[in-house]
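The structure under discussion appears below in the form of structure tokens.
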Amino acid sequence: MKARKIKDRIYWMGSVDWDRRLFDALIPLPDGTSYNAYLIEGSKKTVLLDSTDPQMADELLGQLEGVSKLDYVVSHHAEQDHSGTIPQVLKKYPDAKLISTPKAKGMLIDLLRIPEESFITVKDGETLSLGDKTLKFIHAPWVHWPETMVTYLEEDKILFSCDFFGSHIATTDLFVTDEGRVYEAAKRYFAEIMMPFRNVIKKNLEKLESYDIEMIAPGHGQIFPRPAFIIDAYRDWILGPPRNTVVLPYVSMHESTKRMVDYFVSALVEKGVRVEQFNLAVTDIGKLAMALVDAATLVVGTPTVLAGPHPYAAYSAFLANALRPKTKFISIIGSYGWGGKTVETLAGMIPNLKVEVIAPVLCKGVPSEKDLKALDDLAAAISQKHKEHNFT
Ligand code: FEO
């Protein structure tokens, strides 16, 4: 795709990756993604913000064909989907300086072997004049690595945010046209990589409050012509109370755990509790991560196999522990054949979660009437906890 004009002498560059289906060999990308770079031509200096994934380097280099001089490249984030083509850009423009935070400088040297003499490091709040346009660099750590920053273009009131506020969507629409679709993708993105750092991100959001932002141009997905939409969504995901929802990732081998899940879901619904149920044998793990953003309670459903939880259930507990959602309560349900340490093993896998454990319900073989009554009691206990906290 050719470069696309955003405003006077401000252009989108980079790549739309329609076919990518997995990021970091971990994160599902059902809608592909884009790697956005931006070119800003001031009256005196020209700057490129970020680059593109190295697999799509030729596209960016082609877009730069008509750009005779580049004075600066800004690297907001050292991860290679944004920085990976910077070495080739610097090779094309050997006089260009690479601007980054001091922390990013070390990481870019480690990851891409960029020579130290190419760098200019910037302090938080430092400005750079391009002539009639001024860049202000705002350190914004942990969105989602420790070295990250964003850039505010003062005259045009555009925030270039890299991963912050991004979403994995491949589209030819430069600007957000369907906020519902972007909300879903941005929430998935937040859940998968930002959620563990939400306490720091909260400070970054506060830091941006003093800026008059008319447009947010992220490193993935579409540009936000109405920044309040995504800023408000982030505020809700970070600061909003958990919802009256149980997230229920489960796996079943011979239907006993599945029978418990079905009964339990019905019992929760009767008590007025919303449920998001995920069969771990087939689910999109990104959907599970999204559900964890808001849910007050996590209940893992697992059979006992090899003397412990099913490996898929262990994976879901490991994931929840790593993502550190604002979940308040946790429990386990499942069936076993003759014994094992399912509860102890799962409980030991979630040290990061500050949760109250509600007594698990494990049954031997297929669930009996007594087991179903225990599931009713568990549903009632969860409903009561949610009511006490006024979760809606
Ligand atoms: Fe889009 Fe953290 O890279």
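The values are calculated or read from the model by the stated rules, or taken from the named source; none is laboratory data. Because the structure is predicted, anything quoted here is derived from the model rather than measured. Glycine also receives a Cβ, built like all others from the backbone with ideal geometry; neighbour counts cover every protein chain displayed. Just so you know, the surface numbers come from the protein's heavy atoms only, side chains and all, with ligands and any DNA or RNA stripped out. Shrake-Rupley method; radii C 1.70, N 1.55, O 1.52, S 1.80 Å.
Under a point-charge model restricted to the Cβ atoms of Lys and Arg (+1) and Asp and Glu (-1), what is the dipole moment magnitude of the chain relative to its Cα centre, in debye to the nearest 20? Could the numbers behind the result be given before it?
Details: 45 positive and 50 negative charges, 141 e Å.
That gives a dipole near 680 debye.
Could you name the lysines in cross-link range of K370, using Cα to Cα under 28 Å and dropping any fewer than eight places away on the same chain?
Candidates past the 8-residue exclusion: K258, K271, K328, K341, K385, K387.
Please report the accessible area of D8 (heavy atoms, 1.4 Å probe, ligands and nucleic acids excluded) in Å², nearest 10.
90 Å²
If you keep only loop residues by DSSP, which chymotrypsin sites (Phe, Trp or Tyr not before Pro) in the range 9-70 have at most 14 other Cβ atoms within 10 Å of their Cβ? Intermediate values should be presented prior to the final figure.
Numbers: sites: Y11, W12, W18, F23, Y35, Y38; in loops: W18.
The qualifying sites are W18.
What 222 nm value per residue comes from the helices of the chain, counting each DSSP H run with n ≥ 4 as -39,500 (n - 2.57) and dividing by all residues, nearest 500 deg cm²/dmol?
Numbers: 12 runs with 126 residues, N = 392.
-9500 deg cm²/dmol, from helical runs alone.
Decide, for the range 132-200, between rounded, prolate and oblate: order the square roots of the alpha carbon gyration tensor eigenvalues as a ≥ b ≥ c, take rounded if a/c falls under 1.5, and otherwise choose prolate if a/b is larger than b/c, else oblate. Intermediate values should be presented prior to the final figure.
On the way: a/c = 2.76, a/b = 1.14, b/c = 2.43.
It comes out oblate by the Cα gyration axes.
Would you mind working out the accessible area per residue for the chain, using a 1.4 Å probe, and quoting it in Å²? Working shown, then result.
Working: 16480 Å² over 392 residues.
Here the residues of the chain average 42 Å² of exposed surface.
In the range 308-392, which chymotrypsin sites (Phe, Trp or Tyr not before Pro) are in a loop and have at most 16 other Cβ atoms within 10 Å, using DSSP for the loop call? Write out the running numbers ahead of the final one.
Working: sites: Y312, Y315, F318, F329, Y336, W338, F391; in loops: W338, F391.
Answer in residue order: W338.
Using only the Cα atoms, what convex hull volume per residue in Å³ does the chain have? Please report the intermediate quantities before stating the final value.
On the way: hull volume 53.4 nm³, N = 392.
Hull volume normalised by residue count: 136 Å³.
Based on Cβ point charges of +1 for Lys and Arg and -1 for Asp and Glu, what charge dipole magnitude is obtained for the range 243-384 about its Cα centre, in debye rounded to the nearest 20? Present the calculation step by step, with values, prior to reporting the outcome.
Numbers: 14 positive and 12 negative charges, 60 e Å.
Using Cβ point charges on Lys, Arg, Asp and Glu, the range 243-384 gives about 280 debye.
Counting only protein heavy atoms and a 1.4 Å probe, tell me what percentage of the chain's accessible area is made up of carbon and sulfur. Display every interim value, and only then the final one.
Details: 8580 of 16480 Å².
Result for the chain: 52 percent of the exposed heavy-atom area is carbon or sulfur.
How much of the DSSP beta bridge set in the chain is antiparallel, as a percent to the nearest 5?
Details: 31 of 66 bridges.
Around 45 percent of the beta bridges assigned by DSSP in the chain are antiparallel ones.
Among the lysines, select those whose C-alpha is under 16 Å from the C-alpha of K287, and discard any that sit fewer than 8 residues away in the same chain.
K187
Under a cut-off of 13 Å between alpha-carbon atoms, report the aspartates and glutamates in cross-link reach of K45, not counting same-chain residues fewer than 8 places apart.
Reachable aspartates and glutamates: D71, D95, D132.
As a test, work out the antiparallel percent of DSSP beta bridges whose residues both lie in the range 265-364, rounded to the nearest 5.
15 percent
If you filter the range 49-113 for trypsin sites (Lys or Arg not before Pro), then keep DSSP loop positions with at most 15 other Cβ within 10 Å, what is left? Write down the numbers at each step before the final one.
On the way: sites: K69, K91, K92, K97, K103, K105, R113; in loops: K69, R113.
Taking the range 49-113 and a limit of 15 other Cβ atoms within 10 Å, the loop trypsin sites (Lys or Arg not before Pro) found are K69, R113.
With a sphere of radius 13 Å drawn around the Cβ of N244, what net charge do the other residues whose Cβ falls strictly inside it have (Lys, Arg +1; Asp, Glu -1)? It would help to have the intermediate numbers written out before the result.
Details: positive: R243, K271, R274, K328, K385, K387; negative: E276, D294, E388.
Local charge sum for N244: +3.
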